[in-house]
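What follows is a single structure, written as structure tokens, with notes after it.
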């Protein structure tokens with residue numbers, strides 16, 4: 001008996017072969033990310049951080065950033081950075097983080113070292129001098145502390161982004177009582193940068209195919225800026241309108257009670273850890289006011 005090509009593969013007996021029992025149902029957020037074209041920074045993995053509750057990872061990220069900026073000395077901030085690097089390594093995203101962080105941190109660090117070392121108002125002690133150019137130790141210490149704080153911010157943010165799907169964040173917040181509208185706003189905000197970069201890349205490729213010069217001298221790049229931005233803005237507006245219409249067709253605005261299709265695995269240990277991380281921030285503020293050095 002001939003097999004139809006528009007159905008499931010046929011077995012030797014002529015019937016449709018059953019679905020393999022090893023195939024698991026897709027996580028709802030996997031479907032959402034697939035619909036979005038994979039436009040997120042999430043990296044697949046099976047580490048402990050990947051499996052942790054999204055709110056636990058969010059509490060870790062926010063507390064690490066807050067304490068890094070509250071901590072008064074380089075030693076404390078460096079300790080937070082080391083902890084974050086250990087977590088990044090355990091999650092298996094160290095190479096990806098280094099590639100992204102280097103492009104962000106290198107110019108910022110060089111700028112801080114130059115500005116603070118030469119022009120800070122508190123500069124007193126000379127570190128070295130090259131003729132009339134004098135570099136000061138106080139500025140070096142201030143620049144190093146600021147650079148380490150920014151490095152902790154970048155590291156914590158990308159650690160969260162690499163180990164957490166955007167759909168999981170909004171879903172976890174909605175399961176905790178956040179409205180569906182606000183949950184959609186959160187997910188859209190997390191995906192707006194990857195989506196914009198992807199759209200800009202496709203528009204730029206299309207403009208190059210039509211003969212537009214996008215590389216070369218600075219004036220030439222400036223001339224190519226408007227032909228890129230105008231379609232990007234218009235495409236974003238059209239995409240927003242289409243997304244809003246699709247949501248309304250699916251009954252997004254209906255005043256009905258929604259049932260979660262997927263419950264995130266949570267444990268008493270994670271709940272305690274979240275409260276500890278949240279409580280660490282006001283404790284650090286109180287310690288700083290009490291004279292933490």
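The values are calculated or read from the model by the stated rules, or taken from the named source; none is laboratory data. Treat the numbers as computed from the prediction; the structure is a model and nothing was measured. Here Cβ is always computed from backbone atoms with ideal geometry, including for glycine, and neighbour counts include all displayed protein chains.
Show me the helices (runs of 4 or more DSSP H) entirely contained within segment 52-119 in which 1 or more residues are at pLDDT 95 or above and within 22 Å of residue 273 (Cβ to Cβ). Correct list: 54-70, 74-91. Remark: residue 218 matches the filter, which requires a residue to be loosely packed, with under 15 Cβ neighbours inside 10 Å and either within 30 Å of residue 71 (Cα to Cα) or without any contact (Cβ under 8 Å) to a residue 40 or more places away in the chain (or both). Among the numbered conditions (1) loosely packed, with under 13 Cβ neighbours inside 10 Å; (2) touching a helix residue (DSSP H, G or I) at 6+ places or on another chain (Cβ under 8 Å); (3) within 29 Å of residue 69 (Cβ to Cβ), the only one that residue 197 does not meet is (2). Taken over segment 170-183, residues that are part of a helix (DSSP H, G or I), at pLDDT 80 or above, surrounded by fewer than 21 Cβ atoms within 10 Å (Cβ to Cβ) and touching a helix residue (DSSP H, G or I) at 6+ places or on another chain (Cβ under 8 Å) amount to 3. Name the residue, out of 277, 212, 228, 269, that is surrounded by 12 or more Cβ atoms within 10 Å (Cβ to Cβ) and either over 26 Å from residue 194 (Cβ atoms) or in contact with a strand residue (DSSP E or B) (Cβ under 6 Å, 6 or more places away or on another chain) (or both). Checking each option against the conditions leaves just 277. Is it true that some residue in segment 123-137 is in contact with a helix residue (DSSP H, G or I) (Cβ under 8 Å, 6 or more places away or on another chain), under 30 Å from residue 262 (Cα atoms) and either crowded, with 19+ Cβ neighbours inside 10 Å or touching a residue at least 12 places away in the same chain (Cβ under 8 Å) (or both)? Scanning segment 123-137 turns up no residue that is in contact with a helix residue (DSSP H, G or I) (Cβ under 8 Å, 6 or more places away or on another chain), under 30 Å from residue 262 (Cα atoms) and either crowded, with 19+ Cβ neighbours inside 10 Å or touching a residue at least 12 places away in the same chain (Cβ under 8 Å) (or both). Within segment 144-155, residues that are over 14 Å from residue 111 (Cα atoms) and not assigned by the TED database to the domain that holds residue 79 reach no partner that is at pLDDT 95 or above and not in a helix (DSSP H, G or I) with beta carbons closer than 7 Å at six or more positions or on different chains.
Residues checked against (1) touching a helix residue (DSSP H, G or I) at 6+ places or on another chain (Cβ under 8 Å); (2) at pLDDT 85 or above; (3) in a loop (DSSP other than H, G, I, E, B):
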position: 144; (1), (2), (3): yes, yes, no
position: 153; (1), (2), (3): yes, yes, no
position: 186; (1), (2), (3): yes, no, no
position: 208; (1), (2), (3): no, no, no
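Before we move on, is residue 115 more than 26 Å from residue 236 (Cα to Cα), free of Cβ contacts under 8 Å to residues at least 60 places away in the same chain, surrounded by 13 or more Cβ atoms within 10 Å (Cβ to Cβ) and out of contact with any helix residue (DSSP H, G or I) (no Cβ under 6 Å at 6 or more places or on another chain)? Answer is yes for this residue.
In this structure, residue 186 does not qualify as surrounded by 15 or more Cβ atoms within 10 Å (Cβ to Cβ) and assigned by the TED database to the domain that holds residue 94.
Of everything listed in (1) loosely packed, with under 12 Cβ neighbours inside 10 Å; (2) out of contact with any strand residue (DSSP E or B) (no Cβ under 6 Å at 6 or more places or on another chain); (3) over 30 Å from residue 58 (Cα atoms), the single unmet condition for residue 223 is (1).
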